[in-house]
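Notes follow the structure.
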Amino acid sequence: MKFICKEFYLNKEIKTLPYWRNAIKEEIKLGYGATHHRDFDIADCYTEEGVYKLKFRGKDDGLLYYSSNYESYITRSNKIKPQLNDMYMPDWE
């Protein structure tokens, strides 16, 4: 599966990409047990080689964030299969 390259987002003038994470135990105790969403700069979302990161640890809090652009599901053979959401599909004009 091919991922959308960084230049596509830059051409569309998109500066950030959405990621999400589950709540940690301390947040659940305080009543903030929902899924947390956060936008990251495009430079943080790609590796040095230009590969899109499906998950990574935040630099400031060290928590694991997952990409909101791709939905992942696991089959019985435990292989993760990402699928592209419609919100960031290119316009084929």
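The values are calculated or read from the model by the stated rules, or taken from the named source; none is laboratory data. Keep in mind that what you see is a predicted model, and the values were worked out from it rather than measured. Glycine also receives a Cβ, built like all others from the backbone with ideal geometry; neighbour counts cover every protein chain displayed.
Residue selection: I74 fails the criterion of being at pLDDT below 90, surrounded by 13 or more Cβ atoms within 10 Å (Cβ to Cβ) and aliphatic (A, V, I, L, M).
Looking only at residues of the range 4-19 that are among the aromatic types (F, W, Y) and modelled with pLDDT under 90, we find that the one that is surrounded by the most Cβ atoms within 10 Å (Cβ to Cβ) is Y9.
Please specify each residue of the range 27-38 satisfying the condition of being surrounded by fewer than 13 Cβ atoms within 10 Å (Cβ to Cβ) and under 16 Å from D60 (Cβ atoms).
Filtering the range 27-38 down to residues surrounded by fewer than 13 Cβ atoms within 10 Å (Cβ to Cβ) leaves 28-32, 34-35, 37.
Correct list: H37 only.
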